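The values are calculated or read from the model by the stated rules, or taken from the named source; none is laboratory data. These figures come from a predicted structure and were not determined experimentally. Please note: Cβ atoms are built from the backbone with ideal geometry, for glycine as well, and neighbour counts cover all protein chains shown. Calculation scope for accessible area: heavy atoms of the full protein, side chains included, ligands and nucleic acids excluded. Shrake-Rupley method; radii C 1.70, N 1.55, O 1.52, S 1.80 Å.
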Amino acid sequence: MTLEPAFQIFLGDCRERVEIALDRWLPSETTQPANLHSAMRYAALGGGKRVRPILVYAAGKALGAKPDCLDGAACAVELIHAYSLVHDDLPAMDDDDLRRGRPTCHKAYDEATAILAGDALQTLAFRILCEDDDLCIDRIDRLRMIAELAHASGSRGMAGGQALDMQATGREIDLAELENLHIHKTGALILASVRLGALASGASHDERLPGLERYAKCVGLAFQVRDDVLDVEGETEVLGKTRGKDAAADKATYPALIGLEGAREMAQRLIDEALENIAALGAAADPLRQLARYIVGREH
């Protein structure tokens, strides 16, 4: 899809900011244990759409936060996402060999190192929220951010969603079950990204927060629906991961339940609803609007 020039600049700036910040927070691969630190950097740097940190920056911008105050939260959500990908790709989980156009972490290193790298990436995320001196908020809001990310990552969020996904593999489930699965597996961390951007803005009690949260819930589900569509009609070289992996693993997907066209229509309805919920935020929320359109129109 064609992106507006201003949004292209915003995406580039966000990706550059989070890459620099991640590089600063991640341990150097010249320090011991060097192999583990190398695997952590391999998993977290140099690739990916960075949708979750971009959501942090976009939500923060909509509420008036300075970018410096958002870098730590952007890093934290991306590290949680990176850890989840490392673990999801393992043979005991989704068993994939390709991620972001290159070998998955356990293929580039080994399974034990990949497990430890994922563990270390997860704990580093919480260390950043504890120690980041640029967070322009009080201790209570900092604790709220830590609690938000913990909830989104755990058994009531992303990890729980992955468990539901594994339980659903190979059996028929209905649309409500599939939606519940992805509200946890994908949606929880996307919602947390928006909430962390708001909290980093000092907006824990802002009357605009409920609308932002509804936006995030719609965007999170639309993101997964689009992922399912791309797994059917995308190309491995563009996706950066194996096309048709879900069908091969007999996973429940939106195209399998409602067809490709039904899935496309569902994603667009969700994006329309997301945009309605931030209509009152004005021009400051334009990056959120463009990001929603990007998510439903992306090719990888």
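Brief remarks on what is shown
- Of residues in region 246-300 being basic (Lys, Arg) and not in a helix (DSSP H, G or I), the one least open to solvent (accessible area, probe 1.4 Å): Arg298
- Some residue of region 184-202 being within 19 Å of Ala256 (Cα to Cα), in a helix (DSSP H, G or I) and not hydrophobic (A, V, I, L, M, F, W, C): yes
- Scanning region 81-120 for residues that are open to solvent by 50 Å² or more (accessible area, probe 1.4 Å), more than 17 Å from Leu164 (Cα to Cα) and either small (Gly, Ala, Ser) or assigned to a helix (DSSP H, G or I) (or both) yields Gly101, Lys107, Glu111, Ala112, Ile115, Leu116, Asp119.
- Test: residue in region 180-188 that is more than 25 Å from Lys245 (Cα to Cα), open to solvent by less than 30 Å² (accessible area, probe 1.4 Å) and without any contact (Cβ under 8 Å) to a residue 60 or more places away in the chain: no
- Scanning region 1-16 for residues that are touching a helix residue (DSSP H, G or I) at 6+ places or on another chain (Cβ under 6 Å) and either open to solvent by less than 40 Å² (accessible area, probe 1.4 Å) or in a helix (DSSP H, G or I) (or both) yields Phe7, Phe10, Cys14.
- Residue pairs meeting the criteria (Cβ under 7 Å; at least 6 apart or on separate chains; first more than 15 Å from Ser193 (Cβ to Cβ), in region 283-300; second open to solvent by less than 20 Å² (accessible area, probe 1.4 Å) and at pLDDT below 90): Glu299/Gly234; His300/Gly234; His300/Gly240
- Residues of region 17-37 that turn out to be touching a Ser or Thr at 6+ places or on another chain (Cβ under 9 Å) and either under 26 Å from Ile295 (Cβ atoms) or open to solvent by less than 50 Å² (accessible area, probe 1.4 Å) (or both), as a count: 3
- Of the numbered criteria (1) under 19 Å from Ser204 (Cα atoms); (2) open to solvent by 50 Å² or more (accessible area, probe 1.4 Å); (3) among the hydrophobic types (A, V, I, L, M, F, W, C), the one Ile137 fails is (2).
- In summary, Ala62 fulfils each of the numbered conditions (1) within 14 Å of the chain's Cα centre (by Cα); (2) crowded, with 24+ Cβ neighbours inside 10 Å; (3) of a type outside the set (Phe, Trp, Tyr) with the single exception of condition (1).
- Meets criteria (out of contact with any strand residue (DSSP E or B) (no Cβ under 8 Å at 6 or more places or on another chain), surrounded by 19 or more Cβ atoms within 10 Å (Cβ to Cβ), in a loop (DSSP other than H, G, I, E, B) and in contact (Cβ under 8 Å) with a residue 40 or more places away in the chain) for Ala43: no
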